[in-house]
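Q: Pasting in a structure now, in structure tokens, and then I'll have a few things to ask.
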Amino acid sequence: MGFFYELADDFLSLFFPRICHGCGEHLLRNEKLICTECLVAIPRTRYHLSEDNPVARLFWGRCSIERAAAFSYYNRGSRIRKIIHALKYDGVKELGEFLGRIYGTQLMESSFLEGIDYIVPVPLHPARERKRGYNQSAGICSGLSAATGIPVKTDLLKRSAFSATQTKRSRYDRWLNVEGIFTISGKEMLKNKHILLVDDVITTGSTIEACAAELKKVENLKISVAAMAWSPA
Ligand SMILES: [Zn+2]
């Protein structure tokens, strides 16, 4: 640490500039991954403060979800969209934990997480996870866990069949696309528990719905949902 460390750090950043993943500007020495300006500018939904919110409403009449919320709005051209893109497609794995920690800290200021036993990431298809090298939602979960102390369980829910990329499908097509693709292992462990199911972006809610359809096989399991962003379909 100290002077020489900082000197080396400055020297390195001449060749490997540390860039904010939201705006592309250089990061200050005390900033990491996302600059302060972007962090402040991310439009937060604060949905965790109200039970009746657009993300919760997505699941009404479809599956039984206790509470649902998303950290931010996923607007076109927005900084959070660039950040999540970097997390999913540019291999910036550490953004997951970074964002999860911020959201976890915010959620701790409310009763949203009350009674949650485990944090569970929505699984990626194994082939996609191999290709990407990580599950971005699992990274978000570790950040949430670091901020809240609630343990993460990555091995309880598995994704089996392959599903094509979902971006341009209707809600019904997406439902057909994801129905029956998740399997639970560790049913006994989930009995009488309340889990927080975590995804990076929620659009139609059909992925969560498919998870919930499988999780219904567990006796008295409660499900709540959190995502980093909410993108109205
Ligand atoms: Zn920035």
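Q: So which helices (runs of 4 or more DSSP H) stay within region 120-233 end to end and still have 1 or more residues that are modelled with pLDDT under 95 and touching a Leu at 6+ places or on another chain (Cβ under 8 Å)?
A: The qualifying helices (runs of 4 or more DSSP H) are 126-132, 187-190, 206-215.
Q: Among the residues of region 29-42, is there at least one that is outside the structural domain of SER110 (by TED's automatic domain parsing) and hydroxyl-bearing (Ser, Thr, Tyr)?
A: Checking region 29-42: at least one residue is outside the structural domain of SER110 (by TED's automatic domain parsing) and hydroxyl-bearing (Ser, Thr, Tyr).
Q: For a quick check of your reading: which helices (runs of 4 or more DSSP H) sit entirely within region 20-113 and have at least 3 residues that are within 16 Å of the ligand (Cβ to nearest atom) and not acidic (Asp, Glu)?
A: By residue number, 36-41, 79-89, 94-107.
Q: Out of (1) under 26 Å from GLY149 (Cα atoms); (2) surrounded by 19 or more Cβ atoms within 10 Å (Cβ to Cβ), the odd one out for THR203 is which?
A: Here THR203 meets the rest and fails (1).
Q: Run ARG46 past the list (1) surrounded by 15 or more Cβ atoms within 10 Å (Cβ to Cβ); (2) under 16 Å from the mean Cα position of the chain (by Cα) and report the number of the one that doesn't hold.
A: The single condition ARG46 does not satisfy is (1).
The values are calculated or read from the model by the stated rules, or taken from the named source; none is laboratory data. These numbers come from a predicted model, not from an experiment. Reconstructed Cβ throughout: ideal geometry from the backbone, glycine too, with neighbour counts over all protein chains shown.
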